[in-house]
Amino acid sequence: MKITVLGRGNAGCLTALHYGFYTRNRKDISIELIYNPDIPTERVGQATQLSPPKLLWDALGINFYNNPIEATPKYGILYENWGKKNHKFFHAFPGYEAGLHYCPNNLQETILKSGYFDVQEKHIDNYEQIDSDYIFDCRGKPRDNWDDYHLLTNPLNSVILGEGKSKDSNQNYTRAVATPDGWTFVIPNTTQTTSYGYLYNDGITSTKEASDNFNELFNLAEQGIYLEEKVDNFKFQQYVAKSPIIDDRIILGGNRLFFLEPLESTAIECYLHWARRNWSWIMDGATNPTSNTEYIHNYTNQLQNFIMWHYMYGSKYDTPFWEAAGKLKFKDSRFDSILKHAKKHTIVDLQEQLGRGTGDNYAQQWEAFNFKNWYDGMTSEKKNK
């Protein structure tokens, strides 16, 4: 069997690493990654949940001591200015485990040199050029043709990105800072740099207004960040492919598969979930393209809902953006059931229930503990002002 992964972004590299590492002793399986060297890598820092660190540790021995990618630990998310009750509250990972903050280029270069799969630089115009049993197409977002995609619901559609050449040595978490126009991530993506992303809706806030507010709220000039020179501004859609598996052979991955804003750092986690799900089809025959398609549509719908829920409690700002965001609604009996369970128990009780196999999770990653943490942060006065 031969498996080809197209694209050297986060999704392509992690998919190739997953399949290459877990088939490393299989002489009958070969894995290759093909990428176009003319396409630049992403520069903005990114964050993960818990699955990627485990894969990097198992396959590459990477940890916070042996750290060639200069990653920093992520013990959770510090929410600032969200809701009406608390100026700040911390959403920790269960068990106080850690995810990663990282620079994409550092991660990708390290994985490409791992030796678990072959690497080729090549321009691919169509799938007929590839002689493989299965192809994972992870070559980035579609090019303005949305007929093949379901659009997801979210109040944001634009972001201004910037990078500061410094890092708060005490920041071992992602900051998610609510602003008048949306929210901003602050990620210590390496031991020396910090990435910023000012997210907003350009139907409500102009790019000029967003840029001015970004400068004012985060004192960008003091950090050597100048919008006209060092900050990228772009629009985005949020979507999932209608047909994520084509002809029982071509599997869409990464932003070719789906995209959703980064509030809960769901992207990398989703890529690995999808790789594992298709492993159960390709390697084990336990699933099939039809069931996997249903799975990913349900999975991304739950991601959409959980993130949408964050906006329903508003922020300290009474602005047109937050008024519009607060009106978003969804219906999901599974979500309602988990939230109801969370409200009945203390955070300590729910911590003890984690991982017991009760099936009470949402989008394969959030249990009642996570629901309780956010709900309490939005509805209860906290001592950590």
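The values are calculated or read from the model by the stated rules, or taken from the named source; none is laboratory data. Quantities reported herein were computed from a predicted structural model and do not represent experimental measurements. FYI the Cβ positions are ideal-geometry reconstructions off the backbone, even for glycines, and counts take in every protein chain you see.
Listed values, structure above:
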| quantity | calculated |
| --- | --- |
| Among residues of the range 203-236, those that are crowded, with 16+ Cβ neighbours inside 10 Å and modelled with pLDDT under 90, counted | 7 |
| The range 316-333: number of residues that are surrounded by 14 or more Cβ atoms within 10 Å (Cβ to Cβ) and more than 18 Å from residue 209 (Cα to Cα) | 6 |
| Residue count, the range 317-359 (criterion: part of a loop (DSSP other than H, G, I, E, B), closer than 25 Å to residue 154 by Cβ and either of a type in the set (Lys, Arg) or under 24 Å from the mean Cα position of the chain (by Cα) (or both)) | 7 |
| Residue list for the range 63-90, restricted to those being in a loop (DSSP other than H, G, I, E, B) and either closer than 27 Å to residue 322 by Cα or β-branched (Val, Ile, Thr) (or both) | 69, 81, 83, 84, 85, 86, 87 |
| Condition broken by residue 131, with the remaining ones in (1) assigned to a loop (DSSP other than H, G, I, E, B); (2) touching a strand residue (DSSP E or B) at 6+ places or on another chain (Cβ under 6 Å); (3) acidic (Asp, Glu) satisfied | (2) |
| From 92, 59, residue being among the small types (Gly, Ala, Ser) and modelled with pLDDT of 95 or more | 59 |
| Residue 203, sole failed condition from (1) under 19 Å from residue 318 (Cβ atoms); (2) in a helix (DSSP H, G or I); (3) not hydrophobic (A, V, I, L, M, F, W, C) | (2) |
| Residue in the range 181-197 that is nearest to the chain's Cα centre (by Cα), counting only those that are in a loop (DSSP other than H, G, I, E, B) and buried (at least 24 other Cβ atoms within 10 Å of the Cβ) | 189 |
| Single residue of the range 91-108 satisfying the filter (of a type outside the set (A, V, I, L, M, F, W, C) and not in a helix (DSSP H, G or I)) that is surrounded by the most Cβ atoms within 10 Å (Cβ to Cβ) | 102 |
| Residue that is part of a strand (DSSP E or B) and either buried (at least 21 other Cβ atoms within 10 Å of the Cβ) or not β-branched (Val, Ile, Thr) (or both), where the choices are 111, 34 | 34 |
